[in-house]
Amino acid sequence: MLMPEHEVDESDCCGNGCTNCILDNKPKPSRRALLAGKRNVILSYARFKLLSNEAHNGDAQVRMLHFGYAVNDKEYDDSILDIPPGHHVMLRAVLTGHPVPLLRPYSPYWTDFVAKEFKILVKLQPGGPMSEYLAALMPLQVLEFRGPIGNYVHDVSAAKCIYIIAQGVAIAPTLPLVAQVLDNEDDMSRIRHLICAQNLQHVYFRDRLLEFNQYWNYRSCLYLAHQQCSCGSADCNELCEHLQKRLRYKEKARRVRLDVDQLASHVVPGNEAVSIAIIAGHPTFQRAMREQAVSAFGLPEENVFLL
Ligand SMILES: Cc1cc2nc3c(=O)[nH]c(=O)nc-3n(C[C@H](O)[C@H](O)[C@H](O)COP(=O)(O)OP(=O)(O)OC[C@H]3O[C@@H](n4cnc5c(N)ncnc54)[C@H](O)[C@@H]3O)c2cc1C
């Protein structure tokens, strides 16, 4: 029996234990799509062609993939592409040697509503089947995506204090979350963006963070637990003078792991607004950070969102 277009069943789950599994967060028309009165092309599997596949930060293992909706010539095209900030999409690919299509979730960091294009940042995992497939992908090849999947919705009606914690490539889906606040002059929410990476070389989108740093209501801090220090001094501490010299305008970095004390050092003083925390990264990172954020920021569990 054919399922209705937006229905999901067990076979739509990638089986990776995602925090926001498609079975609990089935793709549905967003408020923005409903207001526009247009069909969101990605609600059921839709074909997107690869427009470009570039290395990020000069690292061949980290790819910026840009996709555009592969519209059928005969299709009457009165549609949009809506992937709200904080939501992910499911990639479905038929790979040689795999009896069933392989499913993997990816989190767009840029979407064009009208042109129906989106971009994802992918860290290729050694030996991973989807990583191998994506590494060899050529421009104009067509892939299938479905979404948006997730449950985070930003409520602009009340100013908030938003703590965003990101690990590695998972900084990518936090960029639209920041942009939606900063792009709205009426949104008085304050953002504290805490980014965990091995070292400075593994901090992605530094230019974008610099742009964000121009706003009064945004502050970021990089946590670089494995940053090597060349000074060799026994006194070198988390603020390492050599590291500070390599930072750009308003960039802040510490040579330690982000923990509950470090989180507490970012609490916005005298803040009466509601606080929330949003955590993006590997599920083990998300779980550990959730506990620490609850303790450091004094948040109820329901104010912590895992992407
Ligand atoms: C909601 C969600 C959103 C995601 N968004 C992105 C994204 O935007 N960009 C992206 O690159 N990946 C993202 N991922 C991970 C992605 O779905 C795949 O798991 C990844 O691309 C590897 O797929 P694979 O088939 O090549 O390897 P797999 O067979 O899935 O994994 C190979 C090995 O790599 C490990 N591994 C997989 N992902 C990670 C990770 N993130 N950190 C450390 N080890 C890992 C696995 O545990 C395994 O040991 C997301 C995952 C989730 C749950």
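Could you please let me know if D155 is in a loop (DSSP other than H, G, I, E, B) and open to solvent by less than 20 Å² (accessible area, probe 1.4 Å)? No. Out of the residues in region 70-100 that are of a type in the set (G, A, S) and within 16 Å of the ligand (Cβ to nearest atom), state the one that is surrounded by the most Cβ atoms within 10 Å (Cβ to Cβ). Restricting to residues being of a type in the set (G, A, S) and within 16 Å of the ligand (Cβ to nearest atom), the top hit is G86. If you check R219 against the conditions, is it at pLDDT 95 or above, surrounded by 15 or more Cβ atoms within 10 Å (Cβ to Cβ) and out of contact with any helix residue (DSSP H, G or I) (no Cβ under 8 Å at 6 or more places or on another chain)? Here the answer is yes, as R219 does meet what is asked. Might you check whether a residue that is at pLDDT 95 or above, of a type in the set (V, I, T), at negative phi and within 16 Å of the ligand (Cβ to nearest atom) occurs anywhere in region 182-191? The answer is no, given that none of the residues of region 182-191 is at pLDDT 95 or above, of a type in the set (V, I, T), at negative phi and within 16 Å of the ligand (Cβ to nearest atom). In summary, F67 fulfils each of the numbered conditions (1) surrounded by fewer than 20 Cβ atoms within 10 Å (Cβ to Cβ); (2) of a type outside the set (K, R); (3) closer than 30 Å to V156 by Cα; (4) within 13 Å of the ligand (Cβ to nearest atom) with the single exception of condition (1). Looking across region 26-50, just one residue is assigned to a loop (DSSP other than H, G, I, E, B), open to solvent by less than 60 Å² (accessible area, probe 1.4 Å) and modelled with pLDDT under 85, and that is S30.
Starting from residues that are open to solvent by 90 Å² or more (accessible area, probe 1.4 Å) and hydrophobic (A, V, I, L, M, F, W, C), keep the ones in region 1-25 and report whichever is modelled with the highest pLDDT. Walk me through it before giving the result.
Taking region 1-25 and keeping what is open to solvent by 90 Å² or more (accessible area, probe 1.4 Å), we get 1-3, 5, 10, 24.
Filter once more, keeping what is hydrophobic (A, V, I, L, M, F, W, C): 1-3.
On the way: M1: 45, L2: 45, M3: 52.
Only one residue fits best here, namely M3.
Return a yes/no flag: does region 229-238 have any residue that is open to solvent by less than 10 Å² (accessible area, probe 1.4 Å) and either modelled with pLDDT under 95 or not small (G, A, S) (or both).
First, the residues of region 229-238 that are open to solvent by less than 10 Å² (accessible area, probe 1.4 Å): none.
The answer is no, given that none of the residues of region 229-238 is open to solvent by less than 10 Å² (accessible area, probe 1.4 Å) and either modelled with pLDDT under 95 or not small (G, A, S) (or both).
Consider region 123-140. How many of its residues are touching a residue at least 24 places away in the same chain (Cβ under 8 Å), more than 7 Å from the ligand (Cβ to nearest atom) and open to solvent by 70 Å² or more (accessible area, probe 1.4 Å)? Summing the residues that are touching a residue at least 24 places away in the same chain (Cβ under 8 Å), more than 7 Å from the ligand (Cβ to nearest atom) and open to solvent by 70 Å² or more (accessible area, probe 1.4 Å) in region 123-140 gives 3. Answer with yes or no whether A166 is part of a helix (DSSP H, G or I), in contact with a Gly (Cβ under 8 Å, 6 or more places away or on another chain) and hydrophobic (A, V, I, L, M, F, W, C). Taking the combined requirement at face value, the residue does not satisfy it.
Within 25 Å of K28 (Cα to Cα), surrounded by fewer than 21 Cβ atoms within 10 Å (Cβ to Cβ) and hydrophobic (A, V, I, L, M, F, W, C): is that true of L103 in this structure? Walk me through it before giving the result.
Values: within 25 Å of K28 (Cα to Cα): yes; surrounded by fewer than 21 Cβ atoms within 10 Å (Cβ to Cβ): yes; hydrophobic (A, V, I, L, M, F, W, C): yes.
Taking the combined requirement at face value, the residue satisfies it.
Checked against the criterion of being out of contact with any strand residue (DSSP E or B) (no Cβ under 8 Å at 6 or more places or on another chain), open to solvent by 70 Å² or more (accessible area, probe 1.4 Å) and assigned by TED's automatic domain parsing to the domain that holds L263, the candidates R190, R208 yield just one match: R208.
The values are calculated or read from the model by the stated rules, or taken from the named source; none is laboratory data. On a predicted model such as this, the values are computed, not experimentally measured, just so you know. Cβ: placed from backbone, ideal geometry, glycine included. Neighbour counts: every protein chain shown. SASA here: full protein model, heavy atoms, side chains in, ligands and nucleic acids out. Shrake-Rupley method; radii C 1.70, N 1.55, O 1.52, S 1.80 Å.
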